[in-house]
Amino acid sequence: MPYTGMLHIATPTDREVVLTREFAAPRGLVFDALTRPELLKRWMQAPGREFEVCEIDLKVGGAYHFVWRGRGKKAVGTSGVYRDIVPGERIATTEEWDDWDAGETLATTTISEQDGKTILTMISLFPSKEVRDTVLKSGLEKGAKENYDKLAEVLAELGARS
């Protein structure tokens, strides 16, 4: 698979960003790492901030709210609603940032398993090209790579325990 251990980023339309990464873990474990607060807090990071609020009501129509805080830094938060959940396969959510009135983004994450590895694909549909471009320029590639690398470490740890 061409994405083993590396992040692939594509912009197929003027409003979308597609992130793809393969993980050496079963998809059920990857799904858990995307949906369980105690696991999310281990890998989803914001530089110089602690992941302090991780609230998840994992059901269609349920909400989530995440907040990262750091000494001397502005708190960063995001929230949204689960639009679709297929355990082990797909999660679709809305996403809005607490301190940025950019409108609602639709994020759809699919996970598939092949030969004991999981391919995670996240498609973000932004409200406009301008918002997409701002996100791309803000360090999306670096941040996503760091977070997915940390996720790979957490998955390896969890796999070693099972």
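Could you please report the charge total around Val131, scoring K, R as +1 and D, E as -1 over all other residues with beta-carbon less than 12 angstrom from its beta-carbon?
On the way: positive: Arg15, Lys129, Arg132, Lys137; negative: Asp14, Glu16, Glu95, Glu96, Asp101, Glu104, Glu130, Asp133.
The answer is -4.
Taking trypsin sites (Lys or Arg not before Pro) that fall in a DSSP loop and have at most 12 other Cβ atoms within 10 Å as cut points, what is the longest piece of the chain between them? Please list the in-between numbers first.
Details: sites that count: Lys59, Arg71, Lys73, Lys74.
Of all site-free stretches, the longest is 75-162.
Overall shape: rounded for the chain, with the ratio a/c of the largest to smallest alpha carbon gyration tensor axis below 1.5.
As a test of the formula, what do you get for the chain when each DSSP H run with n ≥ 4 contributes -39,500 (n - 2.57) and the sum is divided by the residue count, at 222 nm and rounded to the nearest 500 deg cm²/dmol?
Result for the chain, helices only: -9000 deg cm²/dmol.
All of the numbers you see were taken from the coordinates with simple rules; none came from a lab. The model shown is predicted, which means the values in this text are computed figures rather than measured ones. With ideal geometry, Cβ positions are generated from the backbone for all residues, glycine too; neighbour counts draw on all protein chains shown.
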